[in-house]
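The values are calculated or read from the model by the stated rules, or taken from the named source; none is laboratory data. In this text, all values refer to a predicted model and were calculated from it rather than measured experimentally. With ideal geometry, Cβ positions are generated from the backbone for all residues, glycine too; neighbour counts draw on all protein chains shown. Note: accessible area is taken over every heavy atom of the protein model, side chains too, but ligands, DNA and RNA are not part of it. Shrake-Rupley method; radii C 1.70, N 1.55, O 1.52, S 1.80 Å.
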Amino acid sequence: MTLVELTQVSKTYAGAGGRAALDDVSLDVDGGELTAIMGPSGSGKSTLLNLVAGIDRPTGGRVRVGGEDLGRLSEGRLARFRRARLGFVFQFFNLLGNLTVLENVLLPAQLEGTRPAPARARAMELLARLGIAELAGHYPARLSGGQQQRVAIARALINRPAILLADEPTGALDTHNGAQVMELLEGLNREGQTVLLVTHDAKLATRYAGRIVTLIDGRVHDDSRLDGARPLPETMVTVRIKEEQP
């Protein structure tokens, strides 16, 4: 079942001299895929990810995630959508230095209003699965880059997102730690997690992704499936957004 649907999407930023960051892009991502978005600098990779996340709005076309037309959501509903149904992993981790590992992981659950006991149990379960449960009380500054990225992945997963968005998740890591992070993402995908990631590393993308979409100058240049998609049950793909309070 289609989880992400971009239909003739364009995005032009103010001050870009009329040059489109994305130009008439149509792309579907099925639930259960691990899709890598590749391309040279300035090709529109991060713009595409930001549009799927509802961080940016398209200049033209339509973006749907889990059947929800993001263009029809208010800013408040978009914020709730991101918090409840999307997980984010960034190149430079974006952990809060004054919070412990456990507190960093818990933060999205607290913002979502999850009760403390189940949120803590979920956080510790994720940290254990990622092999860093013993670091729960440590602060990010004491961790290696690879450990910090594992914390960021746990934080991204705590609200059980329909889709995990990763923007250059190995870009700040050495080869060994980068491969370990990709192995983690592939393992999560084999368990049913949909992953959409931006990467510059063709070797890692080819080894771990099931599909590679290449952008050049804001357009889809190539779309190759490597090992087939692993579709999710329909019940895991549906996204429900809470109604706004009056």
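State which residue is nearest to the chain's Cα centre (by Cα) when the search covers only segment 1-19 and only residues that are of a type in the set (Val, Ile, Thr) and part of a strand (DSSP E or B). Before the answer, list the steps.
Initially, segment 1-19 is screened for residues of a type in the set (Val, Ile, Thr), giving 2, 4, 7, 9, 12.
Adding the requirement that they be part of a strand (DSSP E or B) leaves 2, 4, 7, 9.
Values: THR2: 16, VAL4: 12, THR7: 20, VAL9: 19 Å.
Taking the candidates together, the pick is VAL4.
List the strands (runs of 3 or more DSSP E) that sit entirely inside segment 20-68 and contain at least 3 residues that are touching a residue at least 40 places away in the same chain (Cβ under 8 Å) and over 25 Å from GLY171 (Cβ atoms).
Working: elements: 22-30, 34-38, 60-65.
Ranges flagged: 22-30, 60-65.
Pick from segment 140-160 the residues that are over 16 Å from the mean Cα position of the chain (by Cα) and hydrophobic (A, V, I, L, M, F, W, C): which of them is surrounded by the fewest Cβ atoms within 10 Å (Cβ to Cβ)? The qualifying residue surrounded by the fewest Cβ atoms within 10 Å (Cβ to Cβ) is ALA141.
What do you reckon, is SER41 surrounded by fewer than 18 Cβ atoms within 10 Å (Cβ to Cβ), closer than 16 Å to TYR13 by Cβ and hydroxyl-bearing (Ser, Thr, Tyr)? So SER41 passes the test. Screening ASP174 with (1) closer than 21 Å to PRO118 by Cα; (2) surrounded by fewer than 18 Cβ atoms within 10 Å (Cβ to Cβ) gives one miss only, at (1). From the list ILE163, ILE132, the lone residue that is crowded, with 20+ Cβ neighbours inside 10 Å, in contact with a helix residue (DSSP H, G or I) (Cβ under 8 Å, 6 or more places away or on another chain) and over 21 Å from LEU49 (Cβ atoms) is ILE132.
Checked against the criterion of being in contact with a strand residue (DSSP E or B) (Cβ under 7 Å, 6 or more places away or on another chain), open to solvent by 50 Å² or more (accessible area, probe 1.4 Å) and aromatic (Phe, Trp, Tyr), segment 74-97 contains one or more residues that satisfy it.
Has segment 62-70 got at least one residue that is among the aliphatic types (A, V, I, L, M), more than 24 Å from ARG155 (Cα to Cα) and open to solvent by less than 30 Å² (accessible area, probe 1.4 Å)? Yes - at least one qualifying residue is present in segment 62-70. When the residues of segment 108-129 are filtered to those that are buried (at least 17 other Cβ atoms within 10 Å of the Cβ) and aliphatic (A, V, I, L, M), the one that is farthest from the chain's Cα centre (by Cα) is ALA119. For segment 179-225, the strands (runs of 3 or more DSSP E) that sit wholly inside it and include 3 or more residues that are surrounded by fewer than 23 Cβ atoms within 10 Å (Cβ to Cβ) and of a type outside the set (Val, Ile, Thr) are 219-225.
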